[in-house]
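Read the structure below first, then the notes.
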Amino acid sequence: MSFVNPTPIQLGMTGTFSGVQYRVVGRVVMGVVEGGEIYYWNEFNLEIEAGESVTLVYEKTEQGGEWRLFTLFEPEYPITAEDAASKHVGDLLNLDGADVHVTLVEQSRVYYVIGKAPEGVTVGAYANYFNAEGDDRMDVVSWTGQEVECYHGVNLPWSDVAVAFNIRLPVFSSMLQNTEGP
């Protein structure tokens, strides 16, 4: 199994999203078991100078490469690990005034880390999580033990990622269309 980076995003690169410049400080390959096969995706740990971070996710799907940007937030209506573990697909969730419905409940595993991973992320570690979506909104709730983290997510066109990191668009799109595996 190869954990070669399927994208042109590399450690040390800088990218700008919504006027904020981030540096790529790490990459984590995550996976879940689906039908006896492991489905992988890449999470890039991006930091600003003040140490705040966001997660840029790349995953290869049947529709091609997809990008998402996730930001940690403190929910207005906190959720405990016990409450999170009770969620099922279709359940209603409201963490900060907007209703979303749970669309996926899974357990992920860390398969590979290069550079600086987010706190607590180590090879072999597992985390439970669920995705919840509604209108133009995507939330992810992740928990290990009693620690719960909540993230807001946005889908990004590959062209936005290319512009953010100053990567030539034709090169970037051909790389993403011709990659296989993690």
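Listed values, structure above:
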{"read-out": "Overall dimensions of segment 30-81 as given by Cα atoms, namely Rg and Dmax in Å", "value": "14.6, 42"}
{"read-out": "Positive-pole candidate from Ser2, Val100, Val140, dipole of the chain, charges at beta carbon", "value": "Ser2"}
{"read-out": "The chain: relative contact order in percent, alpha carbon pairs under 8 Å with at least 6 residues between", "value": "24 percent"}
{"read-out": "Segment 1-50: C-alpha gyration tensor shape, a/c 1.5 cut-off, then a/b vs b/c", "value": "prolate"}
{"read-out": "Over the chain, equivalent-ellipsoid semi-axes from the Cα gyration tensor in Å", "value": "26, 19, 17"}
{"read-out": "Å³ per residue enclosed by the Cα convex hull of segment 82-137", "value": "121 Å³"}
{"read-out": "Solvent-accessible ranking of His88, His101, His152, largest area first, probe 1.4 Å", "value": "His88, His101, His152"}
{"read-out": "Probe 1.4 Å, all protein chains present, accessible-area order of Thr55, Thr7, largest first", "value": "Thr55, Thr7"}
{"read-out": "Protein accessible area in segment 1-151, 1.4 Å probe - carbon and sulfur %", "value": "47 percent"}
{"read-out": "Alpha-carbon Debye profile of segment 1-91, log10 I(q)/I(0) at 0.13, 0.21 Å⁻¹", "value": "-0.61, -1.13"}
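The values are calculated or read from the model by the stated rules, or taken from the named source; none is laboratory data. What you see is a predicted model, and the numbers here were worked out from it, not measured in a lab. Cβ atoms come from the backbone with ideal geometry, glycine included; neighbour counts cover every protein chain shown. Accessible surface is based on the protein model in full, side chains and every heavy atom, while ligands, DNA and RNA are left aside. Shrake-Rupley method; radii C 1.70, N 1.55, O 1.52, S 1.80 Å.
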